[in-house]
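FYI, it's all coordinate maths here, none of it is from the lab. Small disclaimer: the values here were computed from a predicted structure and weren't measured. All Cβ positions, even for glycine, are placed from backbone atoms using ideal geometry, and neighbour counts span all protein chains on display.
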Number of protein chains: 2
Amino acid sequence: MHGDIDKEMEARSVDGIIVLGDTTFGNPDLTYVVGGSLARGGVYFKRIRNDPLLLTSNLDVTTARKYRIVKQVKTFTDLGYEKLIAKYGRDYAYPRLIETIVDQLGIRGKIALFGRSDLASGIHLVDQLRKIGITVIGEKSPTILESARETKSTEERSLIRAVGVKTSRVVDGTLGFLRNMKNRRGQIYSGKRRATVGMVKRWISTSLAKEGLIAPEGTIFASGVASADPHNLGNPRQELKQGKLIVFDIFPQSETGYWFDLTRTFVLGRADKKTVKLFQTVKQAQVAALDSMRDSIPCKNAMMAACKIIELEGYRTLRELYSGKTRTITSGFIHSLGHGVGLTIGERPYLSFQNGEHLLSNQVVTVEPGIYLAGFGGVRIEDTVTITKNGVDVLSVVHQDGLEVT
Amino acid sequence: MHGDIDKEMEARSVDGIIVLGDTTFGNPDLTYVVGGSLARGGVYFKRIRNDPLLLTSNLDVTTARKYRIVKQVKTFTDLGYEKLIAKYGRDYAYPRLIETIVDQLGIRGKIALFGRSDLASGIHLVDQLRKIGITVIGEKSPTILESARETKSTEERSLIRAVGVKTSRVVDGTLGFLRNMKNRRGQIYSGKRRATVGMVKRWISTSLAKEGLIAPEGTIFASGVASADPHNLGNPRQELKQGKLIVFDIFPQSETGYWFDLTRTFVLGRADKKTVKLFQTVKQAQVAALDSMRDSIPCKNAMMAACKIIELEGYRTLRELYSGKTRTITSGFIHSLGHGVGLTIGERPYLSFQNGEHLLSNQVVTVEPGIYLAGFGGVRIEDTVTITKNGVDVLSVVHQDGLEVT
């Protein structure tokens, strides 16, 4: 949370932070410190244990003041940027502007620099700042802001919940669209046309747009053997068949910058025994994982809870890899249980065997066990949840819970 | 074009370039050198006058090879990244991997680093590389890749043209949607409901989705006095009225990474004399600008051609500012004529008075004169065009050409 920034700066002996970018779009750190989006971005300055200062363009200053995260918002013009450009030229005025503000705020020690930028111009800026005596440092992960962003404020949680409600509506609507299709001898028809993955994907895109969501990284709608590859987005030309596994994984972003992650696996019509067992195992693994989760529990425990159920049913899991029993694993539960969600679609904390940390209240994470059988298909069930003192609060509100869509 | 990279490296005495990122999404330089999108990004290496090498994840390697821009595509595993992680740890293995490849390719001099990244981790990487003796440099604008990206290959031009066709269909469709509305005493109705900007924007979003386009920076649909502010996206709750100016500026991106930019200004029903004159002046200014443009013509000439027409009709233009006649200008033609479009929505070349360069064949630029009258409204007409030896090739194919939509 924002309140953690000082603590994280203290822990790293950092005296100031600067966050910049020419837009908040695709720039989670800048969106976070600004408290919302700014079309033309800005520069955020904070000295440890002091209130931050935000510089924006004249066009964004009113918007920036509305967010109320940063009390002191000024424009580039207020700080005399145009005069600096006249004196130093455009390429060198920017470091001079930063120098002016660093001096005004009395930042003397190390300054960590954040924000998403082109590396070529970022390095150019850093080298200029260092040349004029400002001690700019980088950070390895987890950075000050990655750590602060790990637990979510009440407002952030309600923004994520809102994306969850919209995403769930898209999933429910898509399943309704599929339910209205006709099955003739195992082939699925939408009206008189053979239904394809592409047809469903266009429906999903349109539904996302109606909800004001975008899916910049695509949507997974993988049918049949394609569902056995957890990263396969689905082949648009593939036709839908009765009884085949379909993994539908949707991860949209709202205009607030917050993401959501949700997966349902289903078959159209009746499923065979092997498919039913696969589905029920994943479902039980998810329940076991969710039941194990609450504030202060080791992250890897949730992963372990899911693996135990999956192994009991005779499938392989990543546990073999991390116990050193094998060197590669290509079938079974072959990815980690989950990851944080917020201003990015994949962030701390990670629910994996490698993570030695503990869950904390107000983290928002996915819980997404899956089993993949090459040449057959895969099942993954995923919900995004908030960690609470005594358990989890599930943010997805999808009506479909079972395997068969009829 | 890709062929210019060597020339630009030579001009800057740079021996190697590295382009990186954990995704090509929102990463134009990496998309450019890879020749398409890679979900998990990669690292591109090029020694001057030598073929490049691309490293990708195991999941993206097949896709990367299909693009055929880089002949040598390897995976992180091929290069022994896992062993380096075991030896150095995750944070220090990455610079060691880069070192290995820089040595293999025989890059000895300065290396310019590109790609969009979090600055904190970017600076951390640069400092590590410098510590192990690799001379990494930043670049001020225009960088090697910005310069190379300025002229477009045949394939790039056909990708941009395809976005243009789709964008034009969205504009035509939206105008059709508006044409079907009813006018009752100056108020516009969609069925029984009063039509609002928000209603039209939802229609636009849905149409974009159907075309497989996204509009990550929004769409401008500014009605009435709001149209006098060139950056106003439009107020969703505002109701549509007969005879009021509407600036509709749409700038979507396709999944190929390429953008398009297109603006039409119109009124619903009949326009008054002042509005008609404003529209005709902008239209004539655009024609004059387009007529002035071809390979080898100074960029500022196109801007000048538009200003002359606009001034003849009695409106103010930026020429007053650049001739030193005034210090601020808030009404009239208050922005530059255009900018390049490609893997970003605003890039070189810029059609402005500050740009002393000449147009080149195969540049793709917007031509978008506008006149803005505070308290009244604005008109902007924009097309995206390719520069050719003898003129321009207009890429927009919108049917609406006049002011009144009836």
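Data table
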item: Sites A:K71 and A:H399 - FRET efficiency at Förster radius 51 Å, r taken between beta-carbons, to 0.05; result: 0.70
item: Computed magnitude of the charge dipole of segment B:4-149 (debye, nearest 20; Cβ of K, R +1, Cβ of D, E -1); result: 260 debye
item: For A:N183, residues with placed amide H under 5 Å, excluding near neighbours; result: A:Y189
item: Normalised contact order of segment B:154-405, rounded percent, pairs of Cα under 8 Å and 6 or more residues apart; result: 23 percent
item: Dimensionless Rg/Rh of segment B:332-379 - Kirkwood Rh, Rg from C-alpha atoms; result: 1.06
item: Amide hydrogen neighbours beyond the local backbone of B:F114, cut-off 5 Å, H modeled; result: B:I18, B:V19, B:L20
item: In sequence order, calculated HN-Hα J values of segment B:321-329 (Karplus, 6.51, -1.76, 1.60; Hz; x Gly/Pro); result: 5, 7, 8, x, 6, 8, 9, 9, 9
item: Expected 222 nm ellipticity per residue - DSSP helices of 4 or more, -39500 (n - 2.57), all of the protein assembly as shown, to 500; result: -11000 deg cm²/dmol
item: Whole-number Å³ per residue for the convex hull built on Cα positions in segment B:154-405; result: 111 Å³
item: DSSP-defined antiparallel bridges as percent of all bridges, chain A, nearest 5; result: 80 percent
item: Within the protein assembly as shown: Cβ-based charge dipole about Cα centre, in debye rounded to nearest 20 (Lys, Arg +1; Asp, Glu -1); result: 2120 debye
item: Fraction of beta bridges assigned by DSSP in the protein assembly as shown that are antiparallel (%, nearest 5); result: 80 percent
item: Estimated inter-spin distance, B:Q242 and A:T135, nm [label 7 Å along Cα→Cβ]; result: 7.1 nm
item: Cα-based convex hull, the protein assembly as shown, per residue volume (Å³, whole number); result: 166 Å³
item: Cross-link reach list, lysines versus B:K166, counting only Cα pairs under 18 Å and skipping chain neighbours closer than eight places; result: A:K201, B:K201, B:K210
item: Lysines with Cα under 20 Å of B:K110, excluding same-chain neighbours fewer than 8 positions away; result: A:K131, B:K7, B:K46, B:K131, B:K140
item: For segment B:113-219, Kirkwood radius (reciprocal of mean inverse C-alpha pair distance, Å); result: 18.5 Å
item: Lys pairs under 21 Å by Cα in segment A:276-396, provided they are eight or more residues apart or on distinct chains; result: 7
item: Segment A:342-362 residues near the modelled A:R294 label - backbone nitrogen below 18 Å, point 7 Å along Cα→Cβ; result: A:358-362
item: Inter-centroid distance (Cα atoms) of segment A:3-25 relative to segment A:94-160, Å; result: 6 Å
item: Per-residue HN-Hα couplings for segment A:99-108 [Karplus 6.51, -1.76, 1.60; θ = phi - 60°; Hz; x = Gly/Pro]; result: 4, 3, 6, 4, 5, 4, 7, x, 7, 10
item: Distant alpha-carbon pairs in segment A:4-148 (separation over 19 angstrom), percent; result: 49 percent
item: Residue among A:Y350, A:S121, A:I132 farthest towards the positive dipole end of chain A, charges placed on Cβ; result: A:Y350
item: Per-residue HN-Hα couplings for segment A:26-37 [Karplus 6.51, -1.76, 1.60; θ = phi - 60°; Hz; x = Gly/Pro]; result: x, 9, x, 5, 5, 4, 5, 6, 6, x, x, 9
item: Given charges at beta-carbon only (K, R positive; D, E negative), |dipole| of segment A:322-406 in Debye; result: 400 debye
item: Set of lysines near A:K192 by C-alpha distance (under 16 Å), chain-local residues within fewer than 8 positions excluded; result: A:K182, A:K241
item: Most positive-pole-ward Cα, A:L268, A:I160, B:Y44, against dipole of the protein assembly as shown from beta carbon charges; result: A:L268
item: Shielding by partners, peptide B:210-222 (average Cβ within 10 angstrom, other chains); result: 3
item: Residue exposure sequence - B:M303, A:M9, B:M1 - by fewest surrounding Cβ within 10 Å; result: B:M1, A:M9, B:M303
item: Fluctuation leader among A:Y322, A:Y189, A:Y32 - chain A, Gaussian network, Cα springs under 10 angstrom; result: A:Y322
item: Fewest-first ranking of A:R65, A:R327, B:R193, using other Cβ atoms within 10 Å as the exposure measure; result: A:R327, B:R193, A:R65
